[in-house]
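The values are calculated or read from the model by the stated rules, or taken from the named source; none is laboratory data. This one's a predicted model, so the numbers in the text were calculated from it and none came from an experiment. Methodologically, a virtual Cβ is constructed for each residue, glycine included, from the backbone with ideal geometry; neighbour enumeration extends over all protein chains shown. Accessible surface areas use protein heavy atoms only, side chains included; no ligands, DNA or RNA. Shrake-Rupley method; radii C 1.70, N 1.55, O 1.52, S 1.80 Å.
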Amino acid sequence: MARATIKSIAKETGYSVGTVSNALRGAASVREETRQEIQAVATRLGYRVNMDGLKLRTNKSYRIAVLVSVSPDAAEEWEGVEFTRILAGISASLQGSRYEMSVFNVADLPDAMAVLARIVQDGLADGVIVSGTLQDDPRIAFLQQHSFPFVTMGMSDSKTAHAYVDFDSQAAAFDATARLVGLGHRRIALMNPPAELIYAAQRQTGYEQALANGGIAPDPALIFNGPTTARTGQLCFEALMQLSDRPTACICANEAMTLGVLSAAHAAGVQIGRDMVVISTDDLQLSRYFVPPPSTYYVPIEETSRLLGEYMLKALEGGDPSETQKKIRATLIERQPDTPAPQKAPTT
């Protein structure tokens with residue numbers, strides 16, 4: 001049987017050689033229905049792209065780099081667990097294209113900058129996906145300076161538009177805080193990611209807006225920033241218990257922090273749901289197994305990861321960044337009725 005070629009596929013489908021070529025390389029100019037039809041015929045005929053030859057002709061690697069930040073200081077902590085699901089989603093979204101995914105582990109910002117320099121200068125990938133956007137993010141500035149295609153998981157404060165997918169952290173923090181204020185809570189703690197992260201500022205803004213709407217002044221003693229780990233949640237809870245006027249509710253940045261709070265509360269004899277209400281954001285559906293399972297704001301990680309891959313492919317095609325930007329709003333999962341704030345006994 002003769003080896004299938006673009007010409008034989010064109011003859012079989014009735015499309016032009018140019019259309020078949022564009023469809024097989026995943027060009028955005030070809031309608032999805034047409035691409036699927038051509039791809040089905042190519043698969044039936046046993047068509048295989050000579051990637052080595054293609055890379056030489058196009059001077060492209062046909063690889064997408066994904067930077068994963070895992071701090072060596074938190075090697076034994078639950079940090080970045082969601083990246084396994086994100087990577088799986090990105091990989092799935094690349095199926096049917098010629099691109100494959102390469103994962104680069106980075107320990108910190110200098111390490112990330114060094115890796116990005118290698119990727120760009122040595123042609124290790126044609127595009128890159130980065131997460132954990134920072135204020136005045138030097139990674140974004142570097143990629144924009146070199147006109148290198150990229151997508152970020154998280155918005156940025158860059159004045160130049162770029163592709164991104166983000167959770168609406170400000171809305172989630174606002175909704176969680178407003179919910180607690182409506183239940184009569186006036187001492188509400190906020191456990192936040194490191195302050196240099198864009199979404200930490202967004203979360204604090206939403207939190208303070210909801211407090212202001214309830215006529216409550218924010219108390220700096222109730223706001224904590226740190227790595228999104230169980231250890232941080234534990235340490236923050238212990239610090240809260242040292243306050244003379246303890247909080248009656250706590251909003252955690254993610255499930256790992258929530259787990260630390262629940263553990264510390266159990267050790268201190270504080271009953272979650274009676275003495276303190278805990279709400280988690282950035283829920284991955286794991287906290288349903290916690291004891292007790294807290295109410296959470298769920299984020300659809302599957303949609304996020306899929307969009308990251310899709311937007312990356314569009315960026316590689318030179319797509320308009322304004323058409324590859326998405327903010328996803330979290331939805332409340334009420335796993336237990338959040339109780340009203342405990343009433344203080346009247347003084348005599």
Restricting the first residue to region 315-335 and requiring it to be closer than 30 Å to ALA176 by Cα, which pairs with a second residue that is in a helix (DSSP H, G or I) meet a Cβ separation below 6 Å and a spacing of at least six or different chains?
THR324/TYR311; THR324/LYS314; LYS326/LEU307; ARG329/ALA171; ALA330/ALA172
Could you look through region 24-38, keep only residues that are touching a helix residue (DSSP H, G or I) at 6+ places or on another chain (Cβ under 8 Å) and at pLDDT below 85, and pick out the one that is least open to solvent (accessible area, probe 1.4 Å)?
LEU24
Selection status of GLY132, of a type outside the set (A, V, I, L, M), within 23 Å of ASN22 (Cα to Cα) and open to solvent by 20 Å² or more (accessible area, probe 1.4 Å)
no
Could you grab the pairs with beta carbons closer than 7 Å, sequence gap of 6+ or different chains, first residue in region 9-27 and over 15 Å from ARG48 (Cβ atoms) and in contact (Cβ under 8 Å) with a residue 24 or more places away in the chain, second one surrounded by 19 or more Cβ atoms within 10 Å (Cβ to Cβ) and of a type in the set (Asp, Glu)?
none
Limited to region 222-247, what total is found for residues that are out of contact with any Asp or Glu (no Cβ under 8 Å at 6 or more places or on another chain) and among the β-branched types (Val, Ile, Thr)?
2
Out of the residues in region 297-339 that are in a helix (DSSP H, G or I) and of a type in the set (Gly, Ala, Ser), which is nearest to ARG98 (Cα to Cα)?
GLY309
Would you mind stating whether LEU116 is touching a helix residue (DSSP H, G or I) at 6+ places or on another chain (Cβ under 8 Å), surrounded by 14 or more Cβ atoms within 10 Å (Cβ to Cβ) and at pLDDT below 95?
no
Confirm whether SER97 is farther than 28 Å from GLN234 by Cβ, among the small types (Gly, Ala, Ser) and open to solvent by 40 Å² or more (accessible area, probe 1.4 Å).
no
With open to solvent by less than 50 Å² (accessible area, probe 1.4 Å) and out of contact with any strand residue (DSSP E or B) (no Cβ under 9 Å at 6 or more places or on another chain) as the only criterion, which of MET155, MET241 stands out?
MET241
Answer with yes or no whether THR296 is out of contact with any Pro (no Cβ under 9 Å at 6 or more places or on another chain), closer than 22 Å to GLU82 by Cα and polar (S, T, N, Q).
yes
Out of curiosity, is GLY273 at pLDDT 95 or above and on the phi > 0 side of the Ramachandran plot?
no
Output the number of residues of region 264-291 satisfying the condition of being open to solvent by less than 40 Å² (accessible area, probe 1.4 Å) and in a loop (DSSP other than H, G, I, E, B).
4
LEU259 fails exactly one of (1) farther than 24 Å from PHE174 by Cα; (2) outside any loop (DSSP other than H, G, I, E, B), namely (1)
